[in-house]
Amino acid sequence: MSTKLWGGRFSGALDPLMEEFNASIDFDRRLWQADIHGSQAYARALARAGLLTEQEAEQIVAGLERVAGEWAAGQFEIQAGDEDIHTANERRLTELIGPIAGKLHTGRSRNDQVATDLRLWLREELKTSEEQLRTLIGVAVERAATEIELLMPGYTHLQPAQPTRWSHWLLSYAWAWQRDALRLQDLLNRVNLMPLGNGALAGNPFPIDRCQLAHDLGFAAPTPNSLDGVSDRDFVAEALFWATMTMLHISRWAEDLVIYSSREFGFITLADAYSTGSSLMPQKKNPDSLELLRGKAGRVFGNMSGLLMTLKGLPSTYNKDLQEDKEPLFDAVDTLNRALPIAAGALATLSVNGKNMARALVPEMLATDLAEYLVRKGVPFRETHHVAGAAVALAESSGSALTDLSLAELQSLHPAFEEDVTAIWSYEGSVEQRDARGGSSRRAVQEQIEALLLWLERPAPE
Ligand code: ARG
């Protein structure tokens with residue numbers, strides 16, 4: 001007789017290559033703990049429904065505990081025929097407690113089981129992600145607070161645009177990461193629903209109290225429709241999008257730092273702990289940590305697009321294609337959970353070269369301030385923009401800096417220029433002008449720091 005869970009109607013053996021092709025144990029074994037928890041809770045639910053005696057349920061729960069012990073100790077032996085984690089755990093349970101183990105799967109299918117296991121697993125992993133994301137945000141906010149006096153050029157199109165604060169730049173990513181954290185909390189609402197009790201597709205024929213079962217497993221609620229419950233992988237797709245978006249923010253941040261750490265910029269120096277050398281050029285110190293973070297964003301995106309392609313066009317309910325949900329999810333979550341501490345470490349240990357940042361501030365970056373000076377004198381902005389542009393051109397043609405133009409020269413461009421125009425030739429002054437909420441002024445940056453600190457103090461909801 002076949003030893004397959006589904007072997008009853010089969011007489012021929014599986015082609016060996018097909019056997020291998022079909023198996024998911026190599027990767028889904030990492031769901032072992034979720035699978036045990038799900039089964040233990042299900043055994044208790046069966047007992048409450050009168051399908052197992054209390055004693056039988058206890059035997060199953062205790063047997064599963066022993067199986068878990070073997071996994072935890074690295075002693076679980078996977079055997080030929082253990083096609084997936086569900087099969088393996090049930091096979092081992094049967095060896096340990098005998099035929100009574102065969103009652104565990106009553107009313108259950110691997111279809112509702114695997115969807116439940118994956119949700120349980122993801123829920124735990126995302127807690128780690130959330131903590132690490134908060135740590136990263138914390139590092140950015142802390143640096144922003146202590147290095148608030150440092151000015152640097154702000155860029156658009158990677159061209160020097162206007163002076164800003166290093167802290168303001170740091171916080172620009174902290175806010176993006178905070179959105180990632182908020183998105184994560186929202187996503188958890190949809191991860192934390194329980195498909196168990198949906199059977200293969202049509203529902204459970206026994207009086208299983210799914211609300212109680214969901215409660216026992218820490219789920220917010222049972223899924224509302226069994227056909228949807230066994231096939232819904234939106235939570236996987238959403239998690240992959242979330243991971244992609246988070247990695248994308250990390251990637252852009254890393255790209256900025258790669259540029260800032262180049263010799264030509266020299267704004268920051270990455271710690272040795274996050275850099276590597278060249279096997280050929282002895283002088284090289286390369287920002288490998290940042291480049292890997294940037295590179296891995298592409299890999300996570302690939303996982304997301306691959307899964308979406310797998311889901312597209314699936315007919316209703318469970319199809320074996322869905323076994324392809326796990327590897328991209330595992331890879332994305334592993335990649336992200338390894339990336340977050342590297343990003344935090346690289347950020348916490350880099351050194352900032354404030355002098356180089358200040359040196360990179362060039363007078364032309366105050367051209368906007370010149371236009372705004374005239375606005376304060378009542379000249380319409382469209383006109384002042386033109387005048388300031390003419391001032392830049394005048395300075396350029398006379399080979400001097402914008403800030404070196406004489407009052408007479410400025411007045412030749414517009415009569416509203418007065419003695420006090422020299423006051424705008426200050427980078428600090430320019431930054432301090434931008435005091436509206438969300439701007440670069442010390443006060444506006446401080447306001448952001450306080451808002452993020454307040455948010456960080458609030459514990460993540462369970
Ligand atoms: N290993 C399968 C998966 O990961 C479990 C569900 C199998 N169900 C089935 N009817 N073949 O999706």
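The values are calculated or read from the model by the stated rules, or taken from the named source; none is laboratory data. Just so it is clear, the model here is predicted, and its values are computed rather than measured. Virtual Cβ from ideal backbone geometry, glycine too; neighbours counted across all protein chains shown. Heads up: the accessible areas ignore ligands, DNA and RNA and are worked out on the full protein's heavy atoms, side chains in. Shrake-Rupley method; radii C 1.70, N 1.55, O 1.52, S 1.80 Å.
Please work out the average accessible area per residue across segment 239-334, using the 1.4 Å probe convention, and give it in Å². Working shown, then result.
Working: 4690 Å² over 96 residues.
Accessible area per residue: 49 Å².
Determine the percent antiparallel among the DSSP beta bridges restricted to the chain, to the nearest 5. Can you show the working numbers first?
Details: 9 of 11 bridges.
Antiparallel bridges make up about 80 percent of those DSSP assigns within the chain.
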* So for the pair Trp455, Val375, with labels modelled 7 Å out along Cα→Cβ, what separation do we get in nm? -> 2.7
* FRET efficiency, Gln212 to Leu5 (Cβ-Cβ, R0 22 Å, nearest 0.05) -> 0.25
* Among Leu456, Val445, Val421, which residue has its Cα positioned farthest towards the positive end of the charge dipole of segment 414-462, with +1 placed on the Cβ of Lys and Arg, -1 on the Cβ of Asp and Glu, and the dipole taken about the Cα centre? -> Leu456
* To do: Put one equal scatterer on each alpha carbon of segment 176-273, apply the Debye formula with no solvent term, and list log10 I(q)/I(0) at q = 0.19, 0.20, 0.21, 0.24 1/Å to two decimals.
  => -0.93, -0.98, -1.03, -1.15
* Structure fact -> Once both label points are put 7 Å beyond Cα along the C-beta direction, the Arg252-Asp272 separation in nm becomes 3.5
* **Alpha-carbon Debye profile of segment 94-150, log10 I(q)/I(0) at 0.17, 0.25 Å⁻¹** => -0.75, -0.96
* In nm, to one decimal, how far is the modelled label at Asp321 from the one at Asn22, with both set 7 Å along Cα→Cβ? -> 2.0
* To do: Sort all Cα-Cα distances of the chain into consecutive 10 angstrom bins from zero, then give the percent of pairs in each bin up to the one containing the longest distance.
  => 4, 16, 21, 18, 14, 11, 8, 5, 3, 1, 0
* Extended-chain gain in nm, criterion 0.36 nm per residue less alpha-carbon gap, Arg299 and Gln79 -> 76.0 nm
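To the nearest 20 debye, what charge dipole does segment 386-454 have about its Cα centre, counting +1 at the Cβ of each Lys and Arg and -1 at the Cβ of each Asp and Glu? Let's see the in-between values first.
On the way: 4 positive and 11 negative charges, 61 e Å.
It comes to approximately 300 debye.
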* Between the alpha-carbon centers of segment 385-462 and segment 209-280, tell me the distance in whole angstrom. => 36
* Asked: Could you list log10 I(q)/I(0) for segment 57-116 at q = 0.25 Å⁻¹, which the Debye formula gives when each Cα is one point scatterer?
  -> -1.18
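Working with all protein chains in place, sort Trp71, Trp6, Trp166 by solvent-accessible area computed with a 1.4 Å probe, largest first. Intermediate results must be reported in sequence, preceding the final value.
Details: Trp71 25, Trp6 80, Trp166 0 Å².
Sorted by accessible area, descending: Trp6, Trp71, Trp166.
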* **Filtered trypsin sites (Lys or Arg not before Pro), segment 267-338: DSSP coil and at most 10 other beta carbons within 10 Å** => Lys312
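Roll a 1.4 angstrom probe over the protein heavy atoms and tell me the percent of accessible area of the chain that is carbon or sulfur. Don't skip to the answer; put the middle values down first.
On the way: 12100 of 22140 Å².
Answer for the chain is 55 percent, counting heavy atoms of protein chains only.
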* **Over the chain, relative contact order from alpha-carbon pairs under 8 Å, at least 6 apart, %** => 16
* **Residue (of Ala13, Ala68, Gln40) at the positive-pole extreme of segment 1-118, dipole from beta-carbon charges** => Gln40
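Dividing the convex hull volume of the Cα atoms of segment 302-412 by its residue count, what figure in Å³ per residue is obtained? Working shown, then result.
Details: hull volume 27.3 nm³, N = 111.
In segment 302-412, the Cα convex hull volume per residue is 246 Å³.
Can you compute the charge dipole magnitude of the chain about its Cα centre, using +1 on each Lys and Arg Cβ and -1 on each Asp and Glu Cβ, nothing else charged? Give it in debye, rounded to the nearest 20. Don't skip to the answer; put the middle values down first.
On the way: 44 positive and 63 negative charges, 60 e Å.
Its charge dipole is roughly 280 debye.
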* Which lysines, on any chain, are close to Lys285 with Cα under 23 Å apart, when same-chain ones fewer than 8 places away are left out? -> Lys296, Lys355
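From the protein chains alone at 1.4 Å, what is the descending order of accessible area for Glu396, Glu149, largest first? Can you show the working numbers first?
Values: Glu396 140, Glu149 95 Å².
If we order Glu396, Glu149 from most to least accessible, we get Glu396, Glu149.
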* Taking +1 at the Cβ of each Lys and Arg and -1 at the Cβ of each Asp and Glu, which of Ala343, Leu366, Pro287 sits farthest along the dipole of segment 236-389 towards its positive end, judged by Cα position relative to the Cα centre? -> Leu366
* Between segment 1-46 and segment 325-347, what is the C-alpha centre distance in whole Å? -> 28
* **Hydrodynamic radius of segment 222-274 per Kirkwood, over alpha carbon pairs, in Å** => 14.4
* To do: Let me know the volume per residue of the alpha-carbon convex hull for segment 337-393, in Å³.
  => 151
* **Surface per residue (accessible, 1.4 Å probe) for segment 1-51, Å²** => 63
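Placing +1 at every Lys and Arg Cβ and -1 at every Asp and Glu Cβ, with all other atoms neutral, what dipole size does segment 200-339 have around its Cα centre, in debye to the nearest 20? Show your work: numbers first, answer last.
On the way: 13 positive and 18 negative charges, 87 e Å.
Computed about the Cα centre, the dipole is about 420 debye.
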* Kindly identify segment 10-74 as rounded, prolate or oblate by the Cα gyration tensor criterion: order the square roots of the eigenvalues as a ≥ b ≥ c, call it rounded if a/c is under 1.5, otherwise compare a/b with b/c, prolate if a/b is larger, else oblate. => oblate
* Asked: Taking each full run of DSSP H in the chain as one helix, which ones are at least 30 Å long along their axis (Cα atoms) and have mean Kyte-Doolittle hydropathy of at least -1.0?
  -> 110-146, 166-191, 234-260, 288-311, 326-349
